[in-house]
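Worksheet: one structure, shown below.
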Amino acid sequence: MEPHLPTDDAALARLGERLARQRRRLDLTQAELAHEAGVSKRTVERLESGGSTQLLNFVRVLRALGLLGRLDGLVPDPEPSPLERLRAADAERRRVGRRRANADDGDGADAWHWGDEAGGAGDGTGASEGGTEEPAS
């Protein structure tokens, strides 16, 4: 353990103080917070005093206090390693290659041919029904 880190008990006590401050800021009693979170009042008391509780109860209290979104900052999603990025890129290339192969299934039904554009000159392509290109204005 690094010397500048607080002990587990000190960390829980500091966390409990912050939870209590947020509860008071929201003008909630412990009983009201417990009801909103779906936990017992004793669980809220235990959390605020730095006691141990189940992680699910902690998450419920954070949600009721509007703090659940801050967990992302506490435990950020790790960046993928270079090997993971390489594997993901390779998998994407294979997926796109399969999709292209499936798009051209050989029956020709969906194949595009010159002159297939029904809109003619009005379709924004500059091509007329006869397939000749008109000068752009």
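Miscellaneous remarks
- From most to least packed by mean Cβ count within 10 Å, the peptides 17-27, 55-65 give 55-65, 17-27.
- Along the range 11-26 the Karplus relation, 6.51 cos²θ - 1.76 cosθ + 1.60 evaluated at θ = phi - 60°, assigns HN-Hα couplings of 5, 5, 5, 5, 4, x, 4, 5, 5, 5, 4, 5, 4, 5, 4, 7 Hz to successive residues, with x for each Gly and Pro.
- Computed extension gain for Leu15 through His35, at 0.36 nm per residue and net of the alpha carbon distance, reaches 5.2 nm.
- For q = 0.16, 0.22 Å⁻¹, Debye-computed log10 I/I(0) when each Cα of the range 1-90 counts as one equal scatterer: -0.68, -1.06
- Note: relative contact order over the range 8-71, using C-alpha pairs below 8 Å and six or more positions apart, is 37 percent.
- Counted charge near Arg14, where neighbours are those whose Cβ lies closer than 14 Å (Asp, Glu -1; Lys, Arg +1): -2
Read the figures in this text as sums done on the coordinates, not as results from a lab. Nothing here was measured: the structure is a model prediction, and the numbers come from that model. All Cβ positions, even for glycine, are placed from backbone atoms using ideal geometry, and neighbour counts span all protein chains on display.
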